[in-house]
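For reference, the structure discussed in these notes is given below.
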Amino acid sequence: MKNSLSFLLMNVVLLICTTPSSADSYYSSQGLGIPSYYISAQAVGMGGAGIGVRQYLALNELNPGACDLKGFSSVAVGFQGEYVTHFIGDHSQSSISANAAGFRFAVPIAKQRFALLVALKPKVNSELSMEFEKFSDQFQATRTLNSKGGLNTASIGGNFAITKKLAVGLMMDFNFGAYRETWVTDFDDDTYLSSSDEITSHLWGKGLQLGLFAQPASFLS
């Protein structure tokens with residue numbers, strides 16, 4: 001009976017995980033960049049898995065419901081670096097990026113039932129550089145675009161443990177950031193005047209995070 005129950009639960013998880021869903025995110029669809037879903041240092045080592053993992057004194061950055069303080073205050077500071085090499089035929093291109101992964105502070109309020117959560121983390125980082133040419137009978141112009149910026153999130157909320165194996169979390173997000181674009185137009189003919197424009201866009205908004213942690217069996221959460 002126990003083996004049958006385990007097999008049934010595993011099939012339910014596989015069914016949920018393989019359900020088709022829309023790819024990408026709202027931020028990338030608006031040209032703001034791809035969000036960095038940092039969960040924890042252990043999750044990075046496991047290829048990003050861990051949204052449903054709760055560890056003692058290890059704060060889950062993505063799921064406010066997965067918090068296990070056991071009566072102790074906790075501070076988490078993260079830093080993440082990445083080195084990527086792309087190969088296209090005989091050519092290769094490497095890129096290096098490093099950034100703070102966030103700060104989170106948790107304080108137990110009512111023993112092991114309720115905890116106050118405060119967080120500050122980068123949500124989206126974007127950097128773009130491109131160049132294109134325009135031809136006409138009178139001139140040839142080269143336009144370059146360099147863009148850089150990002151969004152950050154300051155959050156405050158709480159975690160409530162309904163039972164030892166069931167908890168919920170809610171965070172209020174305050175998003176803020178800026179993007180700077182530099183457009184340069186160069187003409188090959190001195191008759192035309194080259195130009196440069198700088199555009200800075202400031203963005204802000206609010207959001208909610210709702211997290212759930214459930215552990216129906218010892219091997220599944």
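Database remark: amide H of Gly33 closer than 5 angstrom to the amide H of Ser28 (H placed geometrically; neighbours at sequence offset of 5 or more, or on other chains; Pro and chain starts carry no H). Here's the list of aspartates and glutamates a cross-link from Lys111 could span, going by alpha-carbon distance under 16 Å and ignoring same-chain residues fewer than 8 apart: Asp68.
Around Ser155, with a cut-off of 15 angstrom between Cβ atoms, what is the net charge of the other residues, counting Lys and Arg +1 and Asp and Glu -1?
For residues surrounding Ser155, the net value is +2.
The 3J(HN,Hα) values that the Karplus relation (6.51, -1.76, 1.60; θ = phi - 60°) gives for segment 216-221 are, in residue order, x, 9, 5, 9, 9, 9 Hz. Gly and Pro appear as x.
Here segment 93-221 is assigned +1 on the Cβ of each Lys and Arg and -1 on the Cβ of each Asp and Glu. Its dipole about the Cα centre then comes out at about 1880 debye. Helix 2-17 and the longest principal axis of the C-alpha atoms of the chain enclose an angle of approximately 20°. When the accessible area of the chain is computed with all protein chains present and a 1.4 Å probe, what percentage of it is carbon and sulfur? Answer for the chain is 60 percent, counting heavy atoms of protein chains only. Using only side-chain charges placed at the Cβ, +1 for Lys and Arg and -1 for Asp and Glu, the dipole size of the chain relative to its Cα centre rounds to 2280 debye.
Output wanted: per-residue J couplings in Hz (rounded whole) for segment 107-121, from phi through Karplus 6.51 cos²θ - 1.76 cosθ + 1.60, θ = phi - 60°, x for Gly and Pro. Listing the rounded values in order: 10, x, 9, 10, 6, 10, 9, 9, 9, 8, 10, 10, 9, 9, 8 Hz. Here's how it looks for Gly65: its modeled amide H is under 5 Å from those of Gly169, Gly211, Leu212, which are all 5 or more places away or on a different chain. Pairs with C-alpha atoms separated by more than 25 Å, drawn from the list Lys121/Lys148; Lys70/Lys123; Lys164/Lys206; Lys123/Lys165, are Lys70/Lys123; Lys164/Lys206; Lys123/Lys165.
Give the shape of segment 17-159 as rounded, prolate or oblate, defined through the alpha-carbon gyration tensor: a ≥ b ≥ c are the square roots of its eigenvalues, a/c under 1.5 means rounded, and otherwise the shape is prolate if a/b is larger than b/c and oblate if not. It comes out prolate by the Cα gyration axes.
The values are calculated or read from the model by the stated rules, or taken from the named source; none is laboratory data. Since the model is a prediction, treat every value here as computed from it, not as a measurement. With ideal geometry, Cβ positions are generated from the backbone for all residues, glycine too; neighbour counts draw on all protein chains shown. Areas reflect the complete protein model, heavy atoms only, side chains present, ligands, DNA and RNA absent. Shrake-Rupley method; radii C 1.70, N 1.55, O 1.52, S 1.80 Å.
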